[in-house]
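These notes concern the structure reproduced below.
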Amino acid sequence: MKKVSMAVIRRLPKYFRYLSELLENDIRRISSKELSRLTGFTASQIRQDLNNFGGFGQQGYGYNVEGLHVELGKILGLNKSYKTVLIGAGNLGQAIANYKGFEDAGFNLLGIFDKNPKMIGLRIKDIEIGDVDDLEEFVKENDIEIGIICTPKYGSQDIADRLAKCGVKGIWNFAPADLKVPEGVTVENVHLNESLFTLSYLLKQNAEK
Ligand code: NAI
């Protein structure tokens with residue numbers, strides 16, 4: 001398949017989210033102009049993005065919402081479910097573990113691990129927090145595909161190494177660290193700070209106008 005740029009890939013989840021909302025509101029068909037108004041991308045940008053995967057609109061008809069939603073779901077790999085574990089059951093880890101939306105999207109949390117003896121044995125939802133020393137065994141036994149790292153920066157590389165070594169292919173990293181992983185393992189970083197600092201920049205710019 002043709003190599004798709006990261007910029008396009010980053011826009012796909014946004015299209016998918018809008019299409020999900022349209023479906024929830026029982027809207028079955030949308031013009032490219034309307035989709036452009038909703039997403040903030042130009043109609044030609046949307047067309048170009050989707051053309052990377054074979055183009056889905058029809059001249060004079062626009063897009064079939066359900067069809068495009070299914071196709072984008074497949075493109076994003078959301079037509080399957082993933083087995084995940086979370087490491088670091090502190091404030092952030094608990095918030096993520098408790099969020100139902102990830103489960104609904106097919107990201108099934110099977111295990112939660114921490115190194116603090118006071119946390120081990122407690123439950124989040126129906127999952128008992130395990131000792132991080134047992135991480136490898138659990139990952140292997142349960143064919144875990146994604147590890148969610150919510151530990152402090154210190155120790156996060158060690159967790160990533162251990163996850164990669166026992167076969168985890170994807171790491172969703174919240175620790176403020178640039179993790180090094182072997183080929184074949186993908187890291188997606190989430191740094192809320194960066195988004196917050198962008199907001200700060202835009203506020204400053206607005207005030208200076
Ligand atoms: P926290 O201190 O409440 O929780 C951290 C948890 O990780 C604790 O329960 C601790 O026992 C556990 N832990 C530490 N080392 C571990 C190890 N080697 N193995 C297993 N468990 C370990 O901290 P909080 O507020 O939940 O933040 C967690 C991480 O997320 C920090 O790195 C923080 O900087 C980061 N963070 C990132 C955000 C983002 O946008 N990416 C937003 C907020 C926090």
Report summary line: If you go through Leu92, Leu76, Leu50, Leu68, the only one that is out of contact with any strand residue (DSSP E or B) (no Cβ under 9 Å at 6 or more places or on another chain) and more than 16 Å from the ligand (Cβ to nearest atom) is Leu76
**Report entry** Qualifying residue in region 99-106 (condition: surrounded by 13 or more Cβ atoms within 10 Å (Cβ to Cβ) and within 15 Å of Gly88 (Cβ to Cβ))
**Finding:** no
Requested in this report: Run Leu122 past the list (1) of a type in the set (A, V, I, L, M); (2) away from the ligand (no atom under 11 Å from the Cβ); (3) modelled with pLDDT of 95 or more and report the number of the one that doesn't hold.
Outcome: (2)
Query raised in the report: Counting only residues that are closer than 16 Å to Asn189 by Cβ and free of Cβ contacts under 8 Å to residues at least 24 places away in the same chain, which one in region 125-176 is nearest to the ligand (Cβ to nearest atom)?
Result: Pro176
Query - Odd one out for Asn116, checked against (1) under 19 Å from the mean Cα position of the chain (by Cα); (2) under 18 Å from Ser156 (Cα atoms); (3) open to solvent by 20 Å² or more (accessible area, probe 1.4 Å) - result: (1)
Query - Filter result (more than 15 Å from Phe56 (Cβ to Cβ), in contact (Cβ under 8 Å) with a residue 12 or more places away in the chain and part of a helix (DSSP H, G or I)) within region 1-22 - result: Pro13, Lys14, Ser20
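The values are calculated or read from the model by the stated rules, or taken from the named source; none is laboratory data. As the structure is a computational prediction, the values presented were derived from the model and not from experiment. Neighbour counts are summed over all protein chains in view; Cβ atoms, including those assigned to glycine, are modelled from backbone coordinates with ideal geometry. Ligands, DNA and RNA are excluded from the accessible area calculation, which covers all protein heavy atoms including side chains. Shrake-Rupley method; radii C 1.70, N 1.55, O 1.52, S 1.80 Å.
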